[in-house]
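For reference, the structure is listed below as structure tokens.
Please treat every number below as a calculation from the coordinates, not as lab data. None of these values were measured; they are calculated from a predicted model. Using ideal geometry, Cβ is built from the backbone for each residue, glycine included, and neighbour counts are taken over all protein chains shown.
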Amino acid sequence: MSNRFKLIWEYRGPDAQVIAEHYEHHLEDFIKMRNLKSNQIGVEAYSEFYVTAFMIVREDELDVVRQALRPNKIKQLEEE
């Protein structure tokens, strides 16, 4: 199994939830447009004013997504 990475886009402020949910739709469109095999996306709220959108990608798709969408953070996930 190849390595997987969690790409994270951070949003802060009173509109963080709305913005992260909106960006999640863009991630969905990007996956379809680029025919990516990765399809795990979501939104995680850590507080009322700090919310992230995320996408989990395989190692072979990491560079394409990172260069095109420029996430704030990238975390390598442990293999299952």
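Using a cutoff of 8 angstrom between alpha carbon atoms and counting only pairs six or more residues apart, the relative contact order for the chain works out to 48 percent. Close amide H pairs (under 5 Å, H built 1.01 Å from N) link SER38 with ARG58, residues at least 5 positions away or on another chain. Please determine, in degrees from 0 to 90 and to the nearest 10, the orientation of helix 16-34 with respect to the longest principal axis defined by the Cα atoms of the chain, where the helix direction is its Cα long axis. It works out to around 20 degrees.
Note: the chain, Cα convex hull, 82 Å³ per residue.
Taking amide hydrogens as placed 1.01 Å from N in the peptide plane, the amide H of ASN3 sits under 5 Å from those of GLU59, each at least 5 positions away in sequence or on another chain. To the nearest ten degrees, helix 59-69 and the longest principal axis of the Cα atoms of the chain are 40 degrees apart. Straight-line reach from LYS73: taking Cα to Cα under 22 Å and skipping same-chain neighbours fewer than 8 places apart, the lysines in range are LYS6, LYS37. Taking Cα centre as origin and charging only the Cβ of basic (Lys, Arg, +1) and acidic (Asp, Glu, -1) residues, the dipole magnitude of the chain rounds to 240 debye.
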